[in-house]
Amino acid sequence: MTNKYMYFIANWKMYGDLKSVNTLDKVIKFSKSNKNNKFKLIYCPPYTLLSLFSSKLKKTNINIGAQNCHVNDGYGAFTGSVSSKMIKNVGANHVIIGHSENRAQDDTNLIINRKIKAALMNKLRIIFCIGETLMERKRKKTKKILSNQITQGLKGVKNLSNIIIAYEPIWSIGTGKIPKINSLSKDINYIKTFVQVKFKIKTVKVLYGGSVNTKNINELKEISLLDGFLIGGASQNPKNFIDIVKKTFI
Ligand code: PGA
């Protein structure tokens, strides 16, 4: 049971079509009937659905985010790309940056840092993803990897109030596996302490992501330092998404 203000972020990845907007009805109803509750729901559909989702969610408390953005903060000759300015323009106020599925392509720490700065310029809140591979974990390099990702990703960022960190161990994304609760608590504590000391700030929000579902939420919610969850697969089904939120507060 938690009394904290919690984030539940739906990362839809490369899923969803025009009909998907209808799945929001249930979630809107749920959100409206729980107006005073201490949670924030954020939907991150693919770029193609940002505008549609944003119109649908306009008069609700539910927010919208994109799943990535370009390093350039405005417009430009970058075929196939979308900038944070364009994301903001269609009504989104968040953006996921540094997801491991993008790090696996061409997102280096340096590029992620540039994307974060571009998105902050456009007044978006950043869901900044970090996480280690299974090999790195086995070699006991988790702390080193996480501290590097944080140091380089947030280099030169002056104000961290619009940064939410999402810790997503790569080996737990889409695999059904989650870390042991004890070890996850320690890693979340490490991330928070590292950021607080390095950036001389009192607090930072840290979420967990990786195979969060309606069953394992009962264990995950016991980690008192967590500020919420980044949810992939399970977030596409509105009932499951709502159940995860409900169970967190039971
Ligand atoms: P998953 O994805 O919940 O399907 O593991 C999480 C994520 O990649 O953000």
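The values are calculated or read from the model by the stated rules, or taken from the named source; none is laboratory data. Computed from a predicted model, the values in this text were never measured in an experiment. Cβ: placed from backbone, ideal geometry, glycine included. Neighbour counts: every protein chain shown. Ligands, DNA and RNA are stripped out before the accessible areas are found, and what is left, the full protein with its side chains, is counted by its heavy atoms. Shrake-Rupley method; radii C 1.70, N 1.55, O 1.52, S 1.80 Å.
Note on region 72-96: among residues that are in contact (Cβ under 8 Å) with a residue 12 or more places away in the chain and closer than 17 Å to Lys13 by Cα, the one that is surrounded by the fewest Cβ atoms within 10 Å (Cβ to Cβ) is Val82. Here Gly174 fulfils each of the conditions (1) farther than 22 Å from Arg114 by Cβ; (2) open to solvent by 20 Å² or more (accessible area, probe 1.4 Å); (3) away from the ligand (no atom under 15 Å from the Cβ); (4) not hydroxyl-bearing (Ser, Thr, Tyr) apart from (3). All told, Asn34 falls short of being open to solvent by 90 Å² or more (accessible area, probe 1.4 Å) and either of a type in the set (Lys, Arg) or within 28 Å of Asp243 (Cβ to Cβ) (or both). Pull out all pairs, ordered by first then second residue, where Cβ-Cβ is under 8 Å, the residues are six or more apart or on different chains, the first lies in region 109-138 and is farther than 13 Å from Ile96 by Cα and away from the ligand (no atom under 16 Å from the Cβ), and the second is open to solvent by less than 10 Å² (accessible area, probe 1.4 Å) and in a helix (DSSP H, G or I). From region 109-138, the pairs are Asn109/Gly153; Met121/Ser84; Asn122/Ser84; Asn122/Ile87.
Considering region 188-231, and only residues there that are within 11 Å of the ligand (Cβ to nearest atom) and of a type in the set (A, V, I, L, M), the residue that is farthest from the chain's Cα centre (by Cα) turns out to be Val212. With respect to being closer than 24 Å to Ser31 by Cα, assigned to a helix (DSSP H, G or I) and open to solvent by 10 Å² or more (accessible area, probe 1.4 Å), Asn240 fits the description. Residues in region 97-148 that are among the small types (Gly, Ala, Ser), farther than 25 Å from Met6 by Cβ and surrounded by 24 or more Cβ atoms within 10 Å (Cβ to Cβ): 0 in all. Residues that are over 18 Å from the mean Cα position of the chain (by Cα) and open to solvent by less than 50 Å² (accessible area, probe 1.4 Å) were ranked within region 37-71; the one that is nearest to Ser100 (Cα to Cα) is Val71.
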